[in-house]
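The values are calculated or read from the model by the stated rules, or taken from the named source; none is laboratory data. Just so we're clear, the structure is a prediction, and the values are computed from it rather than from any experiment. When we count neighbours, we look across all protein chains shown, and the Cβ atoms used for this are built from the backbone with ideal geometry, even at glycine. Note: areas computed on protein heavy atoms with side chains; ligands, DNA, RNA excluded. Shrake-Rupley method; radii C 1.70, N 1.55, O 1.52, S 1.80 Å.
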Amino acid sequence: GQWLCCCSLQGRSIMAKDFAKLNSSNIVIDVQVVDDDNSATEAQGVDFLRTLLNDPTAVWKLSDDSTGSAGIDYNYDTVTKVFYEPQPYPSWTLQADKHWEPPVPKPGLDNISNWNEDTQSWDIESA
């Protein structure tokens, strides 16, 4: 899993894990860091957060190397058990590997800046 060194106490590193709270649509609405003493297992971390935050039915998922990083508004796929970024533009489609793809591939040019949803094309920066 993903272990983060969040602080040091008298020279001893404190390890922690990230947990993401999901709404009923499996969208991340909160991310909390839980120290290793309270999250030796995912279930222990979930129980700790439910108790600490007085929310016994909250759905929390561990965010680690196997699930990918979670952030606010990220999606959680309950089938593949991975987090993925929110859709950047309405025209982009989600691929099987959980990355978003534009309808027009980005040209391999250095002066291409941003996707333009209105024109469905890549903007080229002027020199």
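Put +1 on the Cβ of every Lys and Arg and -1 on every Asp and Glu Cβ in the chain; which of Thr51, Tyr84, Ser25 then has its Cα farthest towards the positive end of the dipole? So the residue we want is Thr51. Between Lys81, Lys98, Lys106, the Gaussian network model of the chain with springs among Cα atoms under 10 angstrom shows the greatest mean-square fluctuation at Lys106.
Between Gly108, Gly71, Gly45, the residue with the greatest mean-square fluctuation in the GNM of the chain (Cα pairs under 10 Å linked by springs) is Gly108. Heavy atoms of the protein chains alone define the surface here; on that basis the stretch 54-114 has 64 Å² accessible area per residue at 1.4 Å probe size.
Summing -39500 (n - 2.57) over the DSSP H runs of n ≥ 4 in the chain and dividing by its residue number, what mean residue ellipticity at 222 nm do you reach, to the nearest 500 deg cm²/dmol?
Rounded to the nearest 500, the figure is -2500 deg cm²/dmol.
In the chain, taking the dipole from charged Cβ atoms about the Cα centre, the farthest positive-side position among Ile72, Pro105, Thr93 is held by Ile72.
Note on the chain: with neighbouring protein chains present and a 1.4 Å probe, carbon and sulfur make up 49 percent of its accessible heavy-atom surface. Between amide H atoms placed 1.01 Å from N, distances below 5 Å from Val59 occur with Leu22, all of them 5 or more places distant or on a separate chain. Here Lys21 is the anchor, and the lysines within straight C-alpha reach of less than 22 Å, apart from those fewer than 8 places off in the same chain, are Lys61, Lys81, Lys98. Return one number: the angle in degrees, 0 to 90 and rounded to the nearest 10, between the long axis of the Cα atoms of helix 42-52 and the longest principal axis of the Cα atoms of the chain. On a 0 to 90 degree scale, this one is about 80. Label zone (Asp77, point 7 Å along Cα-to-C-beta; backbone nitrogen cut-off 15 Å) within the stretch 96-110: 96-101.
Hey, got the dipole for the chain? About the Cα centre, +1 on K and R Cβ, -1 on D and E Cβ, debye to the nearest 20?
Numbers: 8 positive and 20 negative charges, 75 e Å.
Dipole size: approximately 360 debye.
Taking percent of Cα pairs over 27 Å apart as calculated from this structure, the corresponding entry among (1) 40; (2) 16; (3) 37 is (3).
Amide H contacts of Thr80 (H built 1.01 Å from N, in plane; Pro and chain starts excluded): no residue 5 or more places away or on another chain comes under 5 Å.
Relative contact order of the stretch 42-113: what whole-number percent is it, with Cα pairs under 8 angstrom and at least 6 residues apart?
Working: 60 pairs, mean separation 10.9, N = 72.
Dividing the mean separation by the residue count of the stretch 42-113 yields 15 percent.
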